[in-house]
Amino acid sequence: MKTLSIRPISIALGLTAASIGVRAEAPSKASAAAAFGTIYKVLQSPRCVNCHIKGDSPLQGDAGTPHTQNVVRGPEGKGVPGLACTDCHGAANVPASYGPAMPPGAPGWHLPPPEMKMVFQLVSKRDLCASLKDPKRNGGRTLEAIASHLESDPLVLWGWSPGEGRGPVPIAHDELVNAVKAWIGGGAPCPATGEATALPKSAEGSQTASPN
């Protein structure tokens with residue numbers, strides 16, 4: 001006796017959600033709000049905050065201590081002549097055998113420019129959310145451009161591979177990408193309130209901490 005193979009009629013007829021015009025349901029406002037909580041945790045990591053600062057002197061290390069050598073932002077966010085960011089920060093991390101105190105590296109190492117600082121340091125969830133959505137404060141980016149920046153920019157990706165002596169961003173990069181998509185897909189809502197996350201001893205501690 002021949003065995004019959006029975007497949008679901010939708011597969012047999014070649015019917016899919018896309019072919020019959022069924023759209024995936026957009027994330028709810030509640031899930032979008034929860035997704036922003038994930039984004040906020042990432043952006044409050046020292047790997048992000050150390051260069052997204054209120055003032056003009058970057059921080060370094062997991063403790064967020066003031067950068068040694070009196071480094072400053074400069075007119076373009078790239079330091080000043082004789083002390084440019086890329087004078088010490090190359091296009092990639094140096095080998096771990098060099099030790100934990102060596103400057104890390106990634107392509108295009110820089111801070112935001114002074115006219116658009118994009119501050120993450122000691123900023124509440126609500127205010128950080130509002131600044132991400134405001135082209136006058138986010139580098140002229142659309143929400144889609146922000147998503148692309150967080151997904152693929154080499155300097156952003158460095159945060160998950162920061163080299164010897166530095167902790168990576170504590171949330172997986174794939175989780176961040178999914179959270180950004182959920183937040184934007186749900187209308188990019190901002191929290192009604194939100195406390196800023198304090199940096200641990202941001203102006204104290206050892207001056208020999210590993211950079212950034």
- Odd one out for Arg126, checked against (1) of a type in the set (Lys, Arg); (2) over 17 Å from Gly77 (Cβ atoms); (3) not in a helix (DSSP H, G or I): (3)
- Report, ordered by the first and then the second residue, all pairs with beta carbons closer than 7 Å, sequence separation of six or more or different chains, a first member in segment 72-86 that is under 15 Å from Ser57 (Cβ atoms) and without any contact (Cβ under 8 Å) to a residue 60 or more places away in the chain, and a second member that is polar (S, T, N, Q) and assigned to a loop (DSSP other than H, G, I, E, B). Val72/Ser57
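If you check Ala91 against the conditions, is it under 22 Å from Pro170 (Cα atoms) and loosely packed, with under 15 Cβ neighbours inside 10 Å?
On the way: under 22 Å from Pro170 (Cα atoms): no; loosely packed, with under 15 Cβ neighbours inside 10 Å: yes.
No; evaluated as a whole, the condition is false for this residue.
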- Message: Going through Val94, Val119, Val72 one at a time, which residue ends up being outside any helix (DSSP H, G or I), closer than 30 Å to Ala33 by Cβ and β-branched (Val, Ile, Thr)?
- Response: Val119
- Identify the residue in segment 1-56 that is of a type in the set (Lys, Arg) and modelled with pLDDT under 95 and, among all such residues, is farthest from Lys125 (Cα to Cα). Lys2
- How about segment 157-190: which of its residues are outside any loop (DSSP other than H, G, I, E, B), within 13 Å of Cys48 (Cα to Cα) and of a type in the set (Gly, Ala, Ser)? Gly159
- Any residue in segment 129-156 that's in contact (Cβ under 8 Å) with a residue 24 or more places away in the chain and in a loop (DSSP other than H, G, I, E, B): show its pairings with residues that are β-branched (Val, Ile, Thr) and surrounded by 13 or more Cβ atoms within 10 Å (Cβ to Cβ) at Cβ separation under 9 Å, as long as the two are six or more apart or on different chains. Gly139/Ile146
- Only residues that are buried (at least 17 other Cβ atoms within 10 Å of the Cβ), at pLDDT 60 or above and closer than 30 Å to Met102 by Cβ: list them for segment 161-212, please. Pro162, Gly163, Arg166, Val169, His173, Leu176, Asn212
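The values are calculated or read from the model by the stated rules, or taken from the named source; none is laboratory data. Please read these numbers as outputs of a predicted model, since none were measured by experiment. Here the Cβ is made from the backbone with ideal geometry for all residues, glycine too, and neighbour counts use every protein chain on show.
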